[in-house]
Amino acid sequence: MTKTINILFLAAEAEPFIKVGGLADVAGTLPLVLRNLPAATAEEARFDVRLALPLHRTIRTEPVTLRSVADFPVYRRGGSIIAQVFQGSLSGMPVYFVNGDPISEAKAIYSEDPALDREKYGFFSMACLEMTRYLDWEPDILHANDWHTALALYALYSRRKNPAFARIRTMLTLHNLPYMGGEGEDVLAAYDLEAIKDEAVPAWARSQPLVLGLYGADAIVPVSPTYAREILTPENGCGLEEYLRSRAGSVTGILNGLDLTSWDPSADKSLAAMFSVDDLSGRNVNKQALQKQLELPAEPRVPILAMLGRIDPQKGVDITLAALPLIADQPWQFVLLGTGNAALEEAARSLQTVFPDRIRAVTRYDPTLGRLIYGGADMLLMPSRYEPCGLAQMIAMRFGCVPVVRTTGGLKDTVQEGKTGFLFTKPTPEALAEALTRALAVYASATKWKRFQRNDMKEDFSWVRSARQYAVLYRSLLSRS
């Protein structure tokens with residue numbers, strides 16, 4: 001009989017239960033794709049992937065029926081905390097919802113108090129590790145994501161001599177290195193764990209939850225090949241580059257995928273008109289609808305430039321706002337949709353008053369408008385200072401909205417200059433303006449522009465491609481043990 005590889009996938013959020021950011025898209029899709037990934041040969045192991053989530057106050061459990069499967073104490077200095085585990089099923093995949101006082105007492109998924117989040121996610125991580133001893137199913141691999149679940153890997157590393165944990169391999173997917181969880185001495189002390197003593201790790205980092213996970217992980221997976229290289233440099237290593245270089249043999253970049261069913265312009269009923277790679281005419285209808293909704297001049301041959309998502313310096317919103325006046329002598333309209341940094345939101349609204357017939361700053365969360373922007377705008381701007389993977393550029397390409405991006409992280413890995421988009425290197429308004437000038441020159445030729453759009457829409461960003469790379473890494477991990 002073909003062996004099954006058991007994987008427990010830990011995440012702070014996952015669709016369709018709870019979503020704040022891109023992690024929810026990954027955790028809600030990748031485990032399912034891995035479970036359904038066909039084996040290349042009859043002898044090759046399949047994957048039994050199971051998802052573990054905190055039972056947040058605001059979690060939506062309506063899609064599943066929950067049943068209690070375990071209650072057990074999680075040791076904490078001063079007295080144990082009872083963990084409760086409920087099991088549901090998502091498209092045939094078991095999902096474990098973990099509860100306990102630090103989770104049920106938390107008012108938000110992510111709070112503004114790092115200490116509260118460390119307590120909540122520290123307990124969740126320790127409960128998930130302890131849970132493996134109480135289920136009638138044992139994981140071969142514990143797969144954590146970002147700092148919220150990283151402590152589980154470090155705790156397992158610290159307890160490898162325990163026969164219950166000795167055989168389990170570990171993996172950490174790294175979505176965003178700068179978010180390390182803060183000084184974690186309080187959580188380490190609470191669960192009787194010691195800070196890292198290895199001098200290869202900078203002293204300031206030895207109790208940061210993410211760093212603890214990196215140290216304990218058998219495999220480290222940044223979310224794009226380029227980001228995997230970037231974190232080894234002083235520019236993007238956040239002070240950990242020397243340590244990460246010492247672990248370079250354990251670092252493998254795997255690009256995130258895209259849910260092609262959710263993001264399908266030929267079946268998206270929220271659009272004014274659906275369209276496909278073989279018939280792009282619906283994009284014109286969407287553009288007209290977008291201009292009408294935003295009260296922009298109805299100019300079918302004036303390109304609409306767009307930015308969507310978090311309004312933040314990391315995303316280069318300030319770079320875009322400074323670049324647009326530099327190309328004011330060229331035809332364009334611009335829409336910004338999102339929320340975030342208050343000063344940047346105000347700067348965008350101020351620029352709209354300077355260009356009232358060309359710029360719209362929509363500072364709210366509006367997913368329906370976002371889909372119309374993807375389906376009707378001509379170019380997506382992503383001048384990110386760093387971008388571990390990026391999702392917006394892949395969605396835009398799926399919808400024939402041509403990306404203009406900086407050569408960093410996943411943007412560099414997904415956009416090809418002169419074929420699927422336009423790239424620039426320096427994070428400056430002048431560099432973005434130059435790339436936009438090149439893009440606008442191509443846009444002037446409808447034939448050339450449609451070639452870019454069709455190239456974009458034919459790109460394969462499916463999770464199957466990414467899952468196959470994870471599968472190779474999982475099997476490699478177990479072959480070493």
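The values are calculated or read from the model by the stated rules, or taken from the named source; none is laboratory data. Since the model is a prediction, treat every value here as computed from it, not as a measurement. Please note: Cβ atoms are built from the backbone with ideal geometry, for glycine as well, and neighbour counts cover all protein chains shown.
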> When residues of the range 173-207 are filtered for being within 16 Å of residue 241 (Cβ to Cβ), surrounded by 23 or more Cβ atoms within 10 Å (Cβ to Cβ) and more than 19 Å from the chain's Cα centre (by Cα), how many remain?
Replying inline: 0
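Residues are listed down the side, and each one gets a yes or a no for (1) of a type outside the set (Phe, Trp, Tyr); (2) part of a helix (DSSP H, G or I); (3) modelled with pLDDT of 95 or more:
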position	(1), (2), (3)
116	yes, yes, no
122	yes, yes, yes
139	yes, no, yes
143	yes, no, yes
164	yes, no, no
167	yes, no, no
> Restricting the first residue to the range 274-294 and requiring it to be among the aromatic types (Phe, Trp, Tyr) and crowded, with 16+ Cβ neighbours inside 10 Å, which pairs with a second residue that is part of a loop (DSSP other than H, G, I, E, B) and modelled with pLDDT of 95 or more meet a Cβ separation below 6 Å and a spacing of at least six or different chains?
Replying inline: 275/265
>> Just checking, does the range 414-431 include any residue being assigned to a helix (DSSP H, G or I), within 24 Å of the chain's Cα centre (by Cα) and surrounded by 15 or more Cβ atoms within 10 Å (Cβ to Cβ)?
In response: yes
> Looking only at the range 376-394, which residues are over 24 Å from residue 438 (Cβ atoms) and of a type outside the set (A, V, I, L, M)?
Replying inline: 388, 389
> Of all residues in the range 443-468 being assigned to a helix (DSSP H, G or I) and free of Cβ contacts under 8 Å to residues at least 12 places away in the same chain, which is nearest to the chain's Cα centre (by Cα)?
Replying inline: 451
> What are the pairs, 6+ residues apart or on separate chains, where a residue within the range 350-364 that is surrounded by 11 or more Cβ atoms within 10 Å (Cβ to Cβ) has its Cβ under 6 Å from a residue that is basic (Lys, Arg) and not in a loop (DSSP other than H, G, I, E, B)?
Replying inline: 361/349
>> I'm checking my understanding of the structure. Among residues of the range 87-105 that are in contact (Cβ under 8 Å) with a residue 24 or more places away in the chain and outside any strand (DSSP E or B), which one is surrounded by the fewest Cβ atoms within 10 Å (Cβ to Cβ)?
In response: 92
> In the range 212-248, which residues are over 22 Å from residue 469 (Cα atoms) and part of a loop (DSSP other than H, G, I, E, B)?
Replying inline: 233, 234, 235, 236, 237, 238, 239, 240
> Just one of the numbered conditions (1) surrounded by fewer than 17 Cβ atoms within 10 Å (Cβ to Cβ); (2) more than 13 Å from residue 375 (Cβ to Cβ); (3) in contact with a Leu (Cβ under 8 Å, 6 or more places away or on another chain) is not true of residue 339; which one?
Replying inline: (3)
>> Yes or no: the range 397-409 includes at least one residue that is in a loop (DSSP other than H, G, I, E, B), surrounded by 23 or more Cβ atoms within 10 Å (Cβ to Cβ) and among the β-branched types (Val, Ile, Thr).
In response: yes
> Would it be correct to say that residue 150 is within 25 Å of the chain's Cα centre (by Cα) and part of a loop (DSSP other than H, G, I, E, B)?
Replying inline: no
> Does the range 182-204 hold any residues that are part of a helix (DSSP H, G or I) and either in contact with a Phe, Trp or Tyr (Cβ under 7 Å, 6 or more places away or on another chain) or closer than 18 Å to residue 149 by Cβ (or both), and which are they?
Replying inline: 186, 187, 188, 190
> Which of (1) within 18 Å of residue 255 (Cα to Cα); (2) of a type outside the set (A, V, I, L, M, F, W, C); (3) touching a Leu at 6+ places or on another chain (Cβ under 8 Å) does residue 453 not meet, given it meets every other one?
Replying inline: (1)
> Of the residues 152, 195, 205, which is without any contact (Cβ under 8 Å) to a residue 24 or more places away in the chain and hydrophobic (A, V, I, L, M, F, W, C)?
Replying inline: 195
> Of all residues in the range 61-90, which are of a type in the set (Phe, Trp, Tyr) and under 30 Å from the mean Cα position of the chain (by Cα)?
Replying inline: 86
> Identify, please: which residue in the range 37-86 is among the small types (Gly, Ala, Ser) and not in a strand (DSSP E or B) and is, among those, modelled with the highest pLDDT?
Replying inline: 80
